[in-house]
Amino acid sequence: MPLKRLSVTAVRNLHPVTIFPSPRINILSGANGSGKTSLLEAVHILGLARSFRSTRLQPVIQYEQNACTVFAEIERPSVPLCSMGITRNKQADYEIRVNGQNVKSTAQLAETLPLQLINPDSFRLLEGAPKQRRQYLDWGVFHVEHRFLPAWQRLQKSLKQRNSLLRRGRIERSMLSPWETELVAAGEQIDLFRREYISQLKPVFEAVLSELLRLDGLSLSYYRGWDKERSLAEVLDSQFDRDLSIGHTQSGPQRADLRLRIQGLNAAEVLSRGQQKLVVCALKLAQGRMLKEFGRQQDCVFLVDDLPSELDQNHRQALCSLLESLDCQVFITCVEPEPLLNCWKKETPLSMFHVEHGHIVQTE
Ligand SMILES: Nc1ncnc2c1ncn2[C@@H]1O[C@H](COP(=O)(O)OP(=O)(O)OP(=O)(O)O)[C@@H](O)[C@H]1O
Ligand SMILES: [Mg+2]
């Protein structure tokens, strides 16, 4: 689902710009601070209504402007060109339009434009909090299983209600029942979706990883967030007193995690920084490959910020070959384009952009 046309207004230092990217490989080069990451950020805002650099949108909006806008035309197989746009202002409101219609939910953006980001912070997926790995996992489940989103919304709502009652303290056990019934139903369903997804992802991940680096004995496993021998209802029941004393629900799908281990140890504590980055790339590329093969036959757009950093020439080449083999649109930033110029097959469509002081010029 490549972006055919991309227009960006008032994102960081970028001057208002429209570019016509290649459906495959796009390389953005330029000096530090020129605006390369800002362009990726703009695409990210279009797909997810938020930045990947800051939790608030205010720092992303150009100084002295009140709102930023990102608009794109997207090519999809066998349907007319799709247009989507988002405007966000400093008060954190947003206005989203897809094919000329106002849209309320950001989920529709994500569905229309599946994105994968690989950046210098990506290794944090391994060493960071479980939340990041859950988000990674749920990205995949969301895109292949349309029943996931309603189940997830039910889970959030019932969990919030149960937690707020627990925080009140001095409650009857029975007061939790309606919310627990809902929580258990949604939670068991989410666990099932996640398990199914992981079982399909694992072989794809292992295949991608083996193309990217030699690493024996790395295992990927899923922890569902509660004892695997007991039902969620039993666990909630047996942990009621503790939940009440700490004021929230300790076990459930909101505590799920992915575990990457090597030789029985946590991969984040053993692998080098470059190796961690490559493992994360393999996880993300595997999701891209799966989306195409098992999902709704969609493509995702890859945003790769600062690709050359921390990767040696062979691994860089392996990563480029994998990105190329996915047959989807890729935006790659780098300071110097030279190391990335000969990494592609001649027939692969490639466009080059030079970024300077917020101006973007297509050079090839
Ligand atoms: N809200 C804003 N309004 C205007 N300019 C901003 C704003 N926020 C950041 N900037 C500036 O925008 C520029 C773009 O930064 P960006 O991170 O996109 O650069 P980059 O090309 O990715 O650089 P690097 O190679 O160092 O990663 C920086 O010079 C930064 O100071
Ligand atoms: Mg940058």
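The values are calculated or read from the model by the stated rules, or taken from the named source; none is laboratory data. Quick caveat, the model's predicted, so the values are computed rather than measured. Every residue, glycine among them, receives a Cβ derived from its backbone with ideal geometry; neighbour counts consider all protein chains shown. Quick note on the areas: whole protein, heavy atoms, side chains included, nothing else; ligands and nucleic acids left out. Shrake-Rupley method; radii C 1.70, N 1.55, O 1.52, S 1.80 Å.
Can you give me the solvent accessible area of R97 with a 1.4 Å probe, rounded to the nearest 10 Å²?
100 Å²
Count the lysine pairs in segment 95-249 that are 8 or more places apart or on different chains: how many have C-alpha atoms under 28 angstrom apart?
Lysine pairs satisfying the spacing and distance rule in segment 95-249 number 10.
Arrange the peptides 278-289, 326-337, 144-155, 170-181 so that the one whose residues have, on average, the most other Cβ atoms within 10 Å appears first.
For the peptides 278-289, 326-337, 144-155, 170-181, the packing ranking is 278-289, 326-337, 144-155, 170-181.
Please turn the phi angles of segment 97-107 into ³J(HN,Hα) values with the Karplus equation 6.51 cos²θ - 1.76 cosθ + 1.60 (θ = phi - 60°), one per residue in order, whole Hz, x for glycine and proline.
10, 10, 6, x, 9, 5, 10, 8, 9, 6, 4
Are there any helices in the chain, counted as whole DSSP H runs, that stretch 15 Å or more along their axis by Cα and score at least 0.0 on average by Kyte-Doolittle, and if so which? Please list the in-between numbers first.
Values: long enough: 36-48 (18 Å, 1.02); 130-144 (21 Å, -1.05); 148-168 (30 Å, -0.97); 177-212 (50 Å, -0.05); 273-293 (30 Å, -0.19); 313-325 (18 Å, -0.58).
Both cut-offs are met by 36-48.
Over segment 119-298, average the accessible area per residue using a 1.4 Å probe and give it in Å², no decimals.
49 Å²
Provide the per residue accessible area, probe 1.4 Å, for segment 315-362, rounded to a whole number of square angstrom.
47 Å²
Going from most exposed to least, what order do S78, S221, S38 have by accessible area with a 1.4 Å probe? Don't skip to the answer; put the middle values down first.
On the way: S78 125, S221 50, S38 10 Å².
Order by accessible area, largest first: S78, S221, S38.
Mind checking the alpha-carbon convex hull of the chain and giving the volume per residue in Å³? Provide the component values of the computation, followed by the final result.
Numbers: hull volume 54.8 nm³, N = 364.
Dividing the Cα hull volume of the chain by its residue count gives 151 Å³.
Per the 1.4 Å probe, what fraction of the accessible area of segment 119-298, in percent, lies on carbon and sulfur atoms?
Values: 4210 of 8910 Å².
C and S fraction of accessible area: 47 percent.
Does segment 119-298 come out rounded, prolate or oblate, given a ≥ b ≥ c as the square roots of the eigenvalues of its C-alpha gyration tensor, rounded meaning a/c under 1.5 and, failing that, prolate meaning a/b above b/c?
Since a/c reaches 1.5 and a/b is larger than b/c, the shape of segment 119-298 is classed as prolate.
Could you tell me the calculated FRET efficiency between S245 and K157, based on Cβ-Cβ distance and R0 = 35 angstrom, to the nearest 0.05? Walk me through the intermediate numbers first.
Working: r = 24 Å, r/R0 = 0.68.
About 0.90, to the nearest 0.05.
Considering the chain, which cysteines have no disulfide-compatible partner, defined as another cysteine with its Cβ under 4.7 Å away?
Here C68, C82, C281, C300, C328, C334 come out as lacking a disulfide-compatible partner, given the Cβ-Cβ threshold of under 4.7 Å.
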